[in-house]
1. Do we find that Val115 is more than 29 Å from Lys197 (Cβ to Cβ) and either surrounded by 18 or more Cβ atoms within 10 Å (Cβ to Cβ) or in contact with a strand residue (DSSP E or B) (Cβ under 9 Å, 6 or more places away or on another chain) (or both) in this structure?
2. Counting only residues that are basic (Lys, Arg) and surrounded by 14 or more Cβ atoms within 10 Å (Cβ to Cβ), which one in the range 118-138 is farthest from Cys183 (Cα to Cα)?
3. Give the range 193-206 a look and list any residue that's farther than 29 Å from Tyr18 by Cβ and surrounded by fewer than 17 Cβ atoms within 10 Å (Cβ to Cβ), or say none.
4. What are the residues in the range 51-78 that are loosely packed, with under 15 Cβ neighbours inside 10 Å and within 20 Å of the chain's Cα centre (by Cα), if any?
5. Just to check your reading of the model, which residue among Arg142, Arg119, Arg148 is within 22 Å of Pro19 (Cβ to Cβ) and not small (Gly, Ala, Ser)?
6. Look at Ala180 and say whether it is out of contact with any helix residue (DSSP H, G or I) (no Cβ under 8 Å at 6 or more places or on another chain), under 16 Å from Arg133 (Cβ atoms) and aliphatic (A, V, I, L, M).
7. Taking only the range 139-153 into account, find how many residues are buried (at least 18 other Cβ atoms within 10 Å of the Cβ) and either among the small types (Gly, Ala, Ser) or touching a Lys or Arg at 6+ places or on another chain (Cβ under 8 Å) (or both).
8. Within the range 67-113, track down each residue that is in contact with a Gly (Cβ under 8 Å, 6 or more places away or on another chain) and among the hydroxyl-bearing types (Ser, Thr, Tyr).
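Each value in this text was obtained by applying a stated rule to the coordinates, not by laboratory testing. The shown structure was predicted, so the numbers you read here are calculated from the model rather than taken from an experiment. In this analysis, Cβ positions are derived from the backbone assuming ideal geometry, glycine residues included, and neighbour counts consider all displayed protein chains.
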Amino acid sequence: MEWFSKNGRNFSWRKNDYPLYRVVVTELLLQRTRAETVDRFIGIFFELYPDWLTIARSKSANLQKALEPFGLWQRRAATLRKLAIAIKSRGGALPESPEELGTLPGLGPYIVNAVLLYRENRPEPLLDGSMARLLERFFGPRGLVDIRDDPFLNIIARRVLQESEVSPLSLNWGMLDVAAQICMPADPRCEHCPLTKRCPSSTCAK
């Protein structure tokens with residue numbers, strides 16, 4: 001966290017008052033799109049579509065046009081409209097329980113965890129490929145191909161968050177940023193890593 005305080009990425013969604021609607025939309029757009037790209041265009045999108053009702057009432061062609069900068073706009077437009085219509089039918093509010101959240105269109109385990117993190121500050125991991133890489137290099141390899149179903153990774157990720165006195169949201173961001181900027185897939189920058197002295201995979205420790 002000391003490293004993160006000096007080197008963490010400053011994205012628009014990393015604000016304490018970031019609305020839950022924006023959290024969900026942002027996390028959907030971050031899938032298979034660089035965070036820097038999403039950060040560059042997300043403000044324009046929210047000016048056009050400030051809430052679920054606006055998306056639910058939108059024309060597909062207009063929504064696709066607004067999503068073009070993020071890529072995969074046809075599929076994303078379809079998912080967002082289905083999700084917005086489902087939430088509109090619920091009175092405009094997201095469900096309280098994780099199980100109900102997971103039944104909504106487009107909301108997989110990662111986004112469900114993001115909602116619980118932002119809404120309730122629960123110690124849920126934002127476990128994606130980057131965080132999985134960081135955890136595996138430090139704690140050991142997972143057993144399953146799909147990180148969403150791997151019990152080892154999910155247990156480790158939750159224990160890291162639960163046993164820390166740091167805000168789980170900030171700790172998630174810290175791990176994601178170390179993975180993105182230092183613990184990269186190829187040629188990790190171990191000499192700059194705050195974990196290098198204890199990491200068994202560190203090239204600096206060999």
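1. On the way: more than 29 Å from Lys197 (Cβ to Cβ): yes; either surrounded by 18 or more Cβ atoms within 10 Å (Cβ to Cβ) or in contact with a strand residue (DSSP E or B) (Cβ under 9 Å, 6 or more places away or on another chain) (or both): yes.
Judged against the criteria, Val115 is a match.
2. Here is the first cut: in the range 118-138, the residues basic (Lys, Arg) are 119, 122, 133, 137.
When the remaining residues are screened for being surrounded by 14 or more Cβ atoms within 10 Å (Cβ to Cβ), the result is 122, 133, 137.
Details: Arg122: 25, Arg133: 8, Arg137: 9 Å.
That would be Arg122.
3. Start the filter on the range 193-206 by keeping residues that are farther than 29 Å from Tyr18 by Cβ, which leaves 196-206.
Lys197, Arg198, Pro200, Thr203, Cys204, Ala205, Lys206, listed by residue number.
4. Gly71, Leu72, Arg75
5. On the way: Arg142 fails: within 22 Å of Pro19 (Cβ to Cβ); Arg148 fails: within 22 Å of Pro19 (Cβ to Cβ).
One residue alone meets the criteria, Arg119.
6. Values: out of contact with any helix residue (DSSP H, G or I) (no Cβ under 8 Å at 6 or more places or on another chain): no; under 16 Å from Arg133 (Cβ atoms): yes; aliphatic (A, V, I, L, M): yes.
Here the answer is no, as Ala180 does not meet what is asked.
7. Residues meeting the conditions: 2.
8. Residues of the range 67-113 that are in contact with a Gly (Cβ under 8 Å, 6 or more places away or on another chain), as a first pass: 79-80, 82-83, 102, 108-109, 112.
Answer for the range 67-113, where residues must be in contact with a Gly (Cβ under 8 Å, 6 or more places away or on another chain) and among the hydroxyl-bearing types (Ser, Thr, Tyr): just Thr79.
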